[in-house]
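Scroll down for the structure; my scribbles are underneath it.
Where a number appears in this text, it was derived from the coordinates with a stated rule and is not lab data. Note that this is a predicted model, so its numbers are computed, not measured. Glycine also receives a Cβ, built like all others from the backbone with ideal geometry; neighbour counts cover every protein chain displayed.
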Amino acid sequence: MRYGGTVSAIPLLVLVLALSIPSVVGYAEEGEAIRIIAKAAGAALAVGLAGLGAGYAVGTAGAAAASGIVEKREVTGPLLLIVVLGEGIAIYGLLIALLVILLL
């Protein structure tokens, strides 16, 4: 098994699903258990993909901001604001995950 790639993420996903299925077995209807598992998977995808996007955005904007600040020190404020805007992606992902879990 490779480390650091998608191959090592598959056993982790299987483990999470295997641990989540017994917690919903007690429900009377089979459709209800599938619905809860789908909500959990949707929320996990929302948070995970938004976190990946935010990490990429902050990494790229942070590197550009660091070089911009080195060249011209008075642009520190606007450049840091651009870096912070990348974190909004992760916050939106968390908000969508909460809406999926609580409202659907």
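A DSSP coil position with no more than 16 other Cβ atoms inside 10 Å describes the following chymotrypsin sites (Phe, Trp or Tyr not before Pro) in region 25-101: 27. Ranked by the mean number of other Cβ atoms within 10 Å of their residues, highest first, the peptides 38-44, 98-104 come out as 38-44, 98-104. Stretching the chain fully between residue 36 and residue 64 yields a gain of 5.9 nm (0.36 nm per residue, less the alpha carbon separation).
Coupling constants for region 39-53 follow from the phi torsions by the Karplus curve (6.51 cos²θ - 1.76 cosθ + 1.60, θ = phi - 60°), and in residue order they are 5, 5, 5, x, 5, 5, 5, 4, 6, x, 5, 5, x, 5, x Hz; glycine and proline get x.
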